[in-house]
């Protein structure tokens, strides 16, 4: 009896719930039939995350992808570096202690400009040698004059005169050498001083400084107190993967795009392709030689664009047809029956007429949604 009672109760409850649900569906249908406003598009999810279906696909106009013929491009990142052939070290010609610094790291200097001064005991030794050479030359000159007089009167043989002449010639050589030594140290033989001035050998920018006030320096010994670089020409060093080396040819030119000045495009000549590959990254160093218009600084990041030899046909679509999502580029392609598929593409350069190149992922003539953002907003809702 209890079992029959439970069975009848369950059956009655099921009938009541079914009647209520049917009543709700009829009411909803009645509301929809009385609504005269625009019908919103409803999204029907698919098992594929990139497939979508909408009720009114006519709300999303389609366009056909065009074609664009251009050379293949390879974009790599590079760093502005100094041209080592235009870097000039500035050593000290005398050992001593720095007493004055007239230029600093990053300063632009002119040839002949004083960079720093040192107090050196080398001047004292060089001046001592100079004074001795002056005295020796004066003595040998007197001896030569006496020998000539004696030879003219037959008092000495010719060989003795020749010895005196040779001594005078050697004394002149010693005098010239000691005089030049003083001048190389930056001292005037007539007004010697213990301060040595070191001047810039070339014009350029100081890219390295190894001295401070009161520091000691050694003559012609590294590290050099200063290094001057000519920044009118610089290098751009890029890492190119092994698979892309076929697009890089020695002597060709590449476009240089500066991150700091995106509207400026410079030209760089490929001057060297390294013969040794990086064992970890499998990349080769490619060196571009660029004339610096004054915009590039050492350490700047740039984008170098290498152009291939053969022409290729790529698709073009309106810029609005490309959806930038999660650091990727997508387009929506129709599948029929109100269904769309989101396809990943590789977007290229902007073209005239608000068009954008598609380098991979889409063929010319394919249909895509003209405004991908509108469809994406519907998908997210």
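The values are calculated or read from the model by the stated rules, or taken from the named source; none is laboratory data. Predicted model only: the values in this text are computed from it and were never measured. Cβ placement follows ideal geometry from the backbone for every residue including glycine, while neighbour counts extend to all protein chains displayed.
Output the qualifying pairs, or none if there are none: Cβ atoms under 6 angstrom, residues six or more apart or on different chains, first residue in the range 53-65 and touching a residue at least 40 places away in the same chain (Cβ under 8 Å) and in the same structural domain as residue 342 (by TED's automatic domain parsing), second residue part of a helix (DSSP H, G or I) and crowded, with 19+ Cβ neighbours inside 10 Å.
What qualifies is 60/375.
If you check residue 321 against the conditions, is it in contact with a helix residue (DSSP H, G or I) (Cβ under 7 Å, 6 or more places away or on another chain), surrounded by 15 or more Cβ atoms within 10 Å (Cβ to Cβ) and in the same structural domain as residue 50 (by TED's automatic domain parsing)?
yes
Using the structure shown, decide if residue 70 is surrounded by 16 or more Cβ atoms within 10 Å (Cβ to Cβ), touching a residue at least 24 places away in the same chain (Cβ under 8 Å) and touching a helix residue (DSSP H, G or I) at 6+ places or on another chain (Cβ under 8 Å).
no
Being in a strand (DSSP E or B) and either surrounded by fewer than 17 Cβ atoms within 10 Å (Cβ to Cβ) or modelled with pLDDT of 90 or more (or both) is the requirement here; does residue 63 meet it?
Here the answer is yes, as residue 63 does meet what is asked.
Of the residues 84, 79, 88, which single one is closer than 30 Å to residue 254 by Cβ, surrounded by fewer than 13 Cβ atoms within 10 Å (Cβ to Cβ) and out of contact with any helix residue (DSSP H, G or I) (no Cβ under 9 Å at 6 or more places or on another chain)?
Among 84, 79, 88, only 84 is closer than 30 Å to residue 254 by Cβ, surrounded by fewer than 13 Cβ atoms within 10 Å (Cβ to Cβ) and out of contact with any helix residue (DSSP H, G or I) (no Cβ under 9 Å at 6 or more places or on another chain).
Could you say whether any residue in the range 330-341 is under 23 Å from residue 74 (Cβ atoms), without any contact (Cβ under 8 Å) to a residue 40 or more places away in the chain and out of contact with any helix residue (DSSP H, G or I) (no Cβ under 7 Å at 6 or more places or on another chain)?
No, because not a single residue in the range 330-341 is under 23 Å from residue 74 (Cβ atoms), without any contact (Cβ under 8 Å) to a residue 40 or more places away in the chain and out of contact with any helix residue (DSSP H, G or I) (no Cβ under 7 Å at 6 or more places or on another chain).
What number goes with the only condition from (1) modelled with pLDDT under 90; (2) farther than 14 Å from residue 328 by Cβ that residue 360 does not pass?
Result: residue 360 fails condition (2) only.
Kindly establish whether residue 107 is free of Cβ contacts under 8 Å to residues at least 40 places away in the same chain, within 31 Å of the chain's Cα centre (by Cα) and not assigned by TED's automatic domain parsing to the domain that holds residue 372.
Considered against the rule, which asks whether it is free of Cβ contacts under 8 Å to residues at least 40 places away in the same chain, within 31 Å of the chain's Cα centre (by Cα) and not assigned by TED's automatic domain parsing to the domain that holds residue 372, residue 107 comes out as no.
Please verify whether the range 118-128 includes one or more residues that are touching a strand residue (DSSP E or B) at 6+ places or on another chain (Cβ under 6 Å), part of a strand (DSSP E or B) and under 30 Å from residue 208 (Cβ atoms).
Looking for residues that are touching a strand residue (DSSP E or B) at 6+ places or on another chain (Cβ under 6 Å), part of a strand (DSSP E or B) and under 30 Å from residue 208 (Cβ atoms), one finds at least one in the range 118-128, hence yes.
Taking residue 375, is it under 22 Å from residue 72 (Cβ atoms), buried (at least 16 other Cβ atoms within 10 Å of the Cβ), touching a strand residue (DSSP E or B) at 6+ places or on another chain (Cβ under 9 Å) and touching a residue at least 60 places away in the same chain (Cβ under 8 Å)?
no
Please indicate, with yes or no, whether at least one residue in the range 16-24 is at pLDDT 85 or above and surrounded by fewer than 13 Cβ atoms within 10 Å (Cβ to Cβ).
no
Take the conditions modelled with pLDDT of 95 or more, exposed (fewer than 15 other Cβ atoms within 10 Å of the Cβ), under 15 Å from the mean Cα position of the chain (by Cα) and assigned to a strand (DSSP E or B) and apply them to residue 269. Does it pass?
The answer is yes for residue 269.
Does residue 356 satisfy the criteria of being surrounded by 14 or more Cβ atoms within 10 Å (Cβ to Cβ), outside any strand (DSSP E or B) and outside the structural domain of residue 263 (by TED's automatic domain parsing)?
The answer is no for residue 356.
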